[in-house]
Amino acid sequence: MATVDGAGVSLKRIIGQPQLRHLDPFVLLDQIHSDDPSAYARGFPDHPHRGFETVTVMLDGRMRHKDSRGNRGLITGGGAQWMTAGRGIVHSEMPEQDQGLLHGFQLWVNLPAREKWCPQMYQDLGPERIAEASLSSSGSRVRVIAGHANGLGGPVRERPTDPTLLTLALADDAPFELDVPSGHAVFVFVHGGAVLVGDDGAVTRVDAEIAQA
């Protein structure tokens with residue numbers, strides 16, 4: 001669903017809209033994708049969070065964050081940030097560019113009741129810290145931000161929800177398989193092209209246009 005948030009940033013809302021209000025423990029998933037500065041330049045000035053974690057994954061562009069505890073950082077294309085709001089924090093996320101493509105995602109992950117008043121924490125993850133490997137000679141690649149996949153371990157420190165977060169660039173029809181712990185909620189968001197998701201008994205084709213509808 002197309003929407004506007006922050007001080008006037010155009011977004012695509014995937015989780016947290018009427019057709020998919022939540023997917024426990026995922027509260028919200030937004031995509032920003034624009035090379036029009038008027039769609040993103042006003043950014044996200046100071047705003048509060050409490051009781052959950054925000055996960056920012058940047059594919060292209062640069063976002064500067066600041067918070068009420070004096071933390072500062074820059075999220076760049078290929079990098080990520082895992083912020084634990086815990087007992088409460090006020091922060092801002094502002095584009096550090098006035099032209100060019102800004103493309104990224106923000107995922108909100110709920111915290112268990114016992115963790116909602118935990119200390120605030122940032123994990124700023126530059127592109128060089130993301131675990132990455134080739135999947136095929138044709139150019140397919142996997143990048144693991146949190147958890148473990150394909151023999152790689154992501155740099156995010158252990159979290160209460162035991163998350164696995166990865167991005168894939170698939171250049172051929174070779175399958176990618178991921179073992180999922182029993183009881184975990186799983187989603188795949190396709191932002192370009194199309195993939196087949198599932199096993200031989202229940203395969204669903206997911207197109208970027210459908211995934212973003």
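Read-outs: derived from the displayed coordinates by stated rules, not from any lab. Since this is a predicted model, take the numbers as computed values, not measurements. Positions of Cβ are generated from backbone atoms using ideal geometry, with glycine treated the same way; all protein chains shown enter the neighbour counts.
Given the criteria surrounded by fewer than 16 Cβ atoms within 10 Å (Cβ to Cβ) and more than 27 Å from residue 22 (Cα to Cα), does residue 193 qualify?
For residue 193, the condition - surrounded by fewer than 16 Cβ atoms within 10 Å (Cβ to Cβ) and more than 27 Å from residue 22 (Cα to Cα) - is not met.
Between 72, 64, which is without any contact (Cβ under 8 Å) to a residue 12 or more places away in the chain and under 21 Å from residue 155 (Cβ atoms)?
Exactly one residue qualifies, and that residue is 72.
Looking at the structure I just gave you, is residue 161 touching a strand residue (DSSP E or B) at 6+ places or on another chain (Cβ under 9 Å), free of Cβ contacts under 8 Å to residues at least 60 places away in the same chain, within 27 Å of residue 17 (Cα to Cα) and of a type in the set (S, T, N, Q)? Steps first, please.
On the way: touching a strand residue (DSSP E or B) at 6+ places or on another chain (Cβ under 9 Å): yes; free of Cβ contacts under 8 Å to residues at least 60 places away in the same chain: no; within 27 Å of residue 17 (Cα to Cα): yes; of a type in the set (S, T, N, Q): yes.
In short, no.
Could you identify the single residue in 152, 165 that is of a type in the set (A, V, I, L, M, F, W, C) and either in contact with a His (Cβ under 8 Å, 6 or more places away or on another chain) or more than 19 Å from residue 27 (Cα to Cα) (or both)?
After ruling out the rest, the residue left standing is 152.
Does residue 176 qualify as being of a type in the set (Phe, Trp, Tyr), within 17 Å of residue 145 (Cα to Cα), touching a helix residue (DSSP H, G or I) at 6+ places or on another chain (Cβ under 6 Å) and assigned to a loop (DSSP other than H, G, I, E, B)?
Taking the combined requirement at face value, the residue does not satisfy it.
How about region 190-209: which of its residues are touching a residue at least 40 places away in the same chain (Cβ under 8 Å) and among the polar types (S, T, N, Q)?
none
Could you go through region 85-107 and let me know if any residue there is of a type in the set (Val, Ile, Thr), touching a Phe, Trp or Tyr at 6+ places or on another chain (Cβ under 8 Å) and within 23 Å of residue 16 (Cβ to Cβ).
Within region 85-107, none of the residues are of a type in the set (Val, Ile, Thr), touching a Phe, Trp or Tyr at 6+ places or on another chain (Cβ under 8 Å) and within 23 Å of residue 16 (Cβ to Cβ).
Of the conditions (1) outside any strand (DSSP E or B); (2) in contact with a Lys or Arg (Cβ under 9 Å, 6 or more places away or on another chain); (3) over 19 Å from residue 102 (Cα atoms), residue 7 fails just one. Which one is it?
Status for residue 7: all satisfied but (3).
Within 26 Å of residue 157 (Cα to Cα), surrounded by 21 or more Cβ atoms within 10 Å (Cβ to Cβ), small (Gly, Ala, Ser) and touching a residue at least 60 places away in the same chain (Cβ under 8 Å), is that true of residue 85?
no
Looking for whichever is aromatic (Phe, Trp, Tyr), touching a residue at least 24 places away in the same chain (Cβ under 8 Å) and closer than 20 Å to residue 111 by Cα here; the options are 176, 187. Which one fits?
On the way: 176 fails: closer than 20 Å to residue 111 by Cα.
Going through 176, 187 in turn, the sole match is 187.
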